[in-house]
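Okay, structure first, notes after.
The values are calculated or read from the model by the stated rules, or taken from the named source; none is laboratory data. Everything quoted here is computed from the prediction, not taken from an experiment. Here Cβ is always computed from backbone atoms with ideal geometry, including for glycine, and neighbour counts include all displayed protein chains.
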Amino acid sequence: MANLMWPLVGWGVLTGILIVLLIYRSTLVMHEDDQLFLDESESHMEREQIELMKKVDKITPIVKWLGAASGVIILVIAGVAIYQGLQQVQ
């Protein structure tokens, strides 16, 4: 099990970054308006919404990749742990 310490630390760091990005993205989306009726005096709100969506669109692929990487790493760690456990039984 000592061989699994560094992969577990790496997985923990990766998953921690993923959680921070998920929290950040949810705070951005919380400020997003579903429907916006604008006239010329409120055009600054439109620009704010566009900037907000650019940030969300930039974060989304990173969140997907980190989520997939986290899942793959934990599956590999579980597979190695099961394999090592089976080797100790024999």
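Here are a few things to note about the model shown:
- Residue match in the range 11-33 (condition: at pLDDT below 90 and of a type in the set (D, E, K, R)): yes
- Residue within the range 61-73 that is at pLDDT 95 or above, of a type in the set (Lys, Arg) and in a helix (DSSP H, G or I) present: yes
- Among residues of the range 1-20 that are in a helix (DSSP H, G or I), those with a beta-carbon under 8 Å from a residue that is among the small types (Gly, Ala, Ser) at least six positions away or on a different chain give the pairs Leu4/Ala81; Trp11/Ser70; Leu14/Ala69; Leu14/Ser70; Thr15/Ser70; Leu18/Gly67; Leu18/Ser70.
- Given (1) in a helix (DSSP H, G or I); (2) surrounded by 10 or more Cβ atoms within 10 Å (Cβ to Cβ); (3) at pLDDT below 85, number of the condition His44 does not satisfy: (2)
- Failed condition for Leu52, given (1) within 20 Å of the chain's Cα centre (by Cα); (2) modelled with pLDDT of 90 or more: (2)
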